[in-house]
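Read through the structure below, which is laid out as structure tokens, and then see the notes.
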Amino acid sequence: MRFIFKTSYDQDVRLAKHGGHVFWYGLLVAFLLAAPWIIDEYWLAQLTFVLIYGIVGLGLMLLAGFTGQFSIGHAAFLGAGAYTQGVLTNLGVPFPLALVAAAALAAAVGVVVALPALRVKGIYLGIATLSFGFIVEEVFARWESVTGGNAGLHVKSPQLFGWSLGSGDGFYFLCLVVAVLSTLGILNLLRSPTGRAFVAIRDSEISAQSMGIHLARYKTMSFAISAALAGLGGALYAHKLSFISPLISMGKDWLPAVVGQAPGLQGLVYGLVLIAFVLFEPLGLYGRWLKIRTWLQLFPFYRKGLFKRQKSFTKSDRLR
């Protein structure tokens, strides 16, 4: 296990905490930049979806992981951004302006959701956001004059300063730039007083309020930023949606016909994978790698409960 001895305040604000971070993140950036030339078109399209989902995941991580707010209906913000991007692009609005408008409208919708949600917590907040998701889905289906209803809405290829981004390579690099900028923005936000207020609210609302943190203001801000990132991802998703293809389809030929051709197979497999990760490895593949690396470093002194999650709330919260 690596322990970092800090000798200056500058070490607290560095993005890379040690040389290992520099090496591995540098290797990742090199791979992402070279991806269009070393992998085929199908996998490049899947990598583009990973980047888009990563942008949306940043918003959900900020809301749930760093502010402690429970949201199940986050797809509504993604849909709001996607439809805003589609409508504005089809009307001839320049792509950058449409992208900003999609994020701004999604943020405004996030504020609308946050205001009534401030009075509920935990599972009740999850139910409220889930209900909002159903409402937004119904609006998209009924507002046929704008969204096209159940028939859908065709979205034109994005144009940036006269450069067509309809090709796989151009759109991939656009998503890569947006994903990197979003990640750096969230990292810097979390190191700011606003980000520290989010973490304080997550750990203990009573303690945060006693330190002068305005709960309603920062919760609303977290919802707005999270929704804006989801809307940004949705705007990019609207342009890439026509190329979507299920990964599970590659293995259907190896399965019995009664299984491979069963309706809902993709949703079932994805759902089981997500449930397994949530139950057994919340930190994902990176968390599993951390455990393996720590086991190798500490063997034979590795303790089984070393990575056991601890309760972060205080006794005053438990007594409420």
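Each reported figure results from applying straightforward, stated rules to the coordinates on display, with no laboratory input. All values reported here derive from a predicted model rather than from experimental measurement. Neighbour counts are summed over all protein chains in view; Cβ atoms, including those assigned to glycine, are modelled from backbone coordinates with ideal geometry.
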Let a ≥ b ≥ c be the square roots of the eigenvalues of the Cα gyration tensor of segment 55-97; is it rounded (a/c under 1.5), or, if not, prolate (a/b larger than b/c) or oblate? prolate
Long-range amide H contacts for Leu160: which residues qualify at under 5 Å (H placed 1.01 Å from N, peptide plane, sequence gap of 5 or more or a different chain)? Leu165
Convert each backbone phi in segment 193-206 into a coupling constant with the Karplus relation 6.51 cos²θ - 1.76 cosθ + 1.60 (shift: θ = phi - 60°), then list the ³J(HN,Hα) values in order as whole Hz, x for Gly and Pro. x, 5, x, 5, 5, 4, 5, 4, 5, 4, 6, 6, 5, 5
Which one of Ala35, Val13, Thr48 is farthest out on the positive end of the charge dipole of segment 1-135, using unit charges on Cβ (Lys, Arg +1; Asp, Glu -1) and the Cα centre as origin? Val13
Set the Förster distance to 41 Å, then compute FRET efficiency between Leu118 and Trp37 from the Cβ-Cβ distance, nearest 0.05. 0.25
Can you tell me the order of 62-70, 84-92, 287-295 when each peptide is scored by its average per-residue count of other Cβ atoms within 10 angstrom, highest first? 62-70, 84-92, 287-295
Cα gyration tensor shape of segment 11-59, rounded if a/c is under 1.5, else prolate or oblate by comparing a/b with b/c: oblate
About its Cα centre, what dipole magnitude does segment 1-137 give when the only charges are +1 on Lys and Arg Cβ and -1 on Asp and Glu Cβ, stated in debye to the nearest 20? 520
